[in-house]
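One structure is given here, and the rest of the page talks about it.
The values are calculated or read from the model by the stated rules, or taken from the named source; none is laboratory data. What you are looking at is a predicted structure, and each value in this text was computed from that prediction instead of being measured. As a convention, Cβ positions derive from the backbone with ideal geometry for all residues, glycine included, and neighbour counts pool all protein chains shown. The accessibility values were calculated without ligands, DNA or RNA, using every heavy atom of the protein model including side chains. Shrake-Rupley method; radii C 1.70, N 1.55, O 1.52, S 1.80 Å.
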Amino acid sequence: MSVAESATADLGLPEEKVAELTIDKNDSMEKESDDEDGEEEEEAGEGEKTQKKKRKNKKKNKKKKKTGLGAAGQTSPPSIPVSQLFPNNSYSVGQICDYVDDNKYRTTSEEMRAKDRLNEQQLVDLRRAAEVHRQVRQYARSTIRPGMDLTTIAEMIENGTRTLVEERGFESGIGFPTGLSINHCAAHYTPNAGDFVEIKDDDVLKVDFGVHVNGHIIDSAFTMAWNDRYKPLLDAVKDATNTGVREAGIDVRLGDIGAAIQEVMESYEIELDGKVLPVKPIRNLCGHNIGQYLIHSGKSVPIVANRDQTRMEEGELFAIETFGTTGSGYVQEEGVCSHYAKTSDGQPRLPSAKKLLHSITKNFGTLPFCRRYLDRIGEKQYYLGLRHLVDQDIVTAYPPLVDIKGSYTAQAEHTFILRPTVKEVLSRGDDY
């Protein structure tokens, strides 16, 4: 590269201006032979002039980084993709928690900071997904009310997610079907076609939905109730989840986190119909780590004390979710299934199952889906094929999980990542 080309690249100057500066410098060199006495004065004057021009042009050509309107620029209902509100990937950073004790050094370690920079794109993806979650749930929390049916609520959340994340198949979209579980049903309920169950004034509704960008999933949930008598139950799961998030960290044992969650959960009680009831953790439900395109990636975070010595590790993404109940503290599968996920690469024998598997792989991969999603992509008369895939252990069914009838359950959940330098609670917002 020539001198002029280098200057053009460095200063952002047009080539004519660079040539002018170069000629000025050459002119001063020619005058050196004609007038040695004025050499220092001439070069100083020309050098000062050149430097002024450089400073002036640098200032003139400096581009301001666009900051965007942020979440405040969103419409109601939300309709603007977050990439337009946060240009240049300027998404909000989650809640930052410094490591303590043996990992305290990580916060200022140059080596850890260098490792952190290697994961920059993953963080951008996760923060974008988290921003979508916050904006969609903000609208949902202000809109959901008794009298609304579950299908309307699910479609409101899912269509909002699709719009804000600019759904593009495996590049960005819904992380898993929207969970809308009422009262004694704790998890894995989403309406199938024709399901128009309505929320009642005395219901306790769990809302659990996910957003992914390039397979990096944000999984977060909250509970809503319209009768103040359920506040202690909701407070219990919020407090327990925040405790789990606080206790989590690199090298922390999963069993120790469960013990801390259980202690907090069981410190709450609730009065219903004149009876004081303990709030119990649902011992066979737990949090989990999250892999790329995998909502459950192998590790489980208990919400009761156990002897699991497995440790959390640097770089892992986790969802801490806690469930409290006024019932038995144990859930079982019951009711019509709606949640499914492809979990193996087997080959079905039934022709209709082969066709359906191709469609599932093409549209969802290993991401969970529901029957409404199959309807949406145009699949028809698929139930026999779907059942065959489940029977062949190619697709796993996740039926609703329920405690005893007459009981009430609540859920709270956050997603965080154990970065090399800090723990970042990605899904944290002003609401919870």
TODO: Count the net charge of all other residues whose Cβ sits under 15 Å from the Cβ of LEU150, scoring Lys and Arg as +1 and Asp and Glu as -1.
DONE: -2
- [ ] DSSP loop (so not H, G, I, E, B), at most 14 other Cβ within 10 Å: list which trypsin sites (Lys or Arg not before Pro) in region 345-432 pass both filters.
- [x] ARG349, LYS380, LYS405
- [ ] Please work out the Cα center distance from region 370-432 to region 323-345, rounded to the nearest Å.
- [x] 9 Å
- [ ] Would you be so kind as to identify which of ASN227, VAL276, ILE290 lies farthest towards the positive end of the dipole of region 223-294, taking Lys and Arg as +1 and Asp and Glu as -1 on Cβ and the Cα centre as origin?
- [x] ILE290
Open item on the list: Let me spell out the model: positive unit charges on the Cβ of Lys and Arg, negative unit charges on the Cβ of Asp and Glu, origin at the Cα centre of region 309-375. What dipole size does that give, in debye rounded to 20?
Closed with: 600 debye
Open item on the list: Per residue of region 125-141, what does 6.51 cos²θ - 1.76 cosθ + 1.60 with θ = phi - 60° give for ³J(HN,Hα)? Whole Hz please, x for Gly and Pro, Karplus curve as stated.
Closed with: 4, 5, 5, 5, 4, 5, 5, 4, 4, 4, 6, 5, 6, 4, 5, 4, 5
Task: Loop-resident sites, region 165-214, for trypsin sites (Lys or Arg not before Pro), counting at most 12 other Cβ within 10 Å (DSSP) - done: ARG168
Task: Dipole of region 323-432 [Lys/Arg +1, Asp/Glu -1 at C-beta], most positive-end residue of VAL331, GLY378, THR366 - done: GLY378
Open item on the list: If you roll a 1.4 angstrom probe over the protein chains with everything in place, what fraction of the accessible area of region 80-122 belongs to carbon and sulfur, to the nearest %?
Closed with: 46 percent
Open item on the list: Accessible area of region 304-380 with a 1.4 Å probe: how many percent of it is carbon plus sulfur?
Closed with: 48 percent
Task: Dipole moment magnitude, nearest 20 debye, region 195-327 about Cα centre, only Lys, Arg, Asp, Glu C-beta charged - done: 300 debye
Open item on the list: Quick check for you: with a 1.4 Å probe and neighbouring chains kept, what is the accessible area per residue of region 178-337, in Å²?
Closed with: 41 Å²
TODO: Calculate the dipole size of region 345-432 relative to its Cα centre from +1 charges on Lys and Arg beta carbons and -1 charges on Asp and Glu beta carbons; express the result in debye to the nearest 20.
DONE: 420 debye
- [ ] Between LYS200 and VAL124, with labels modelled 7 Å along Cα→Cβ, what's the label distance in nm to one decimal, could you check?
- [x] 5.0 nm
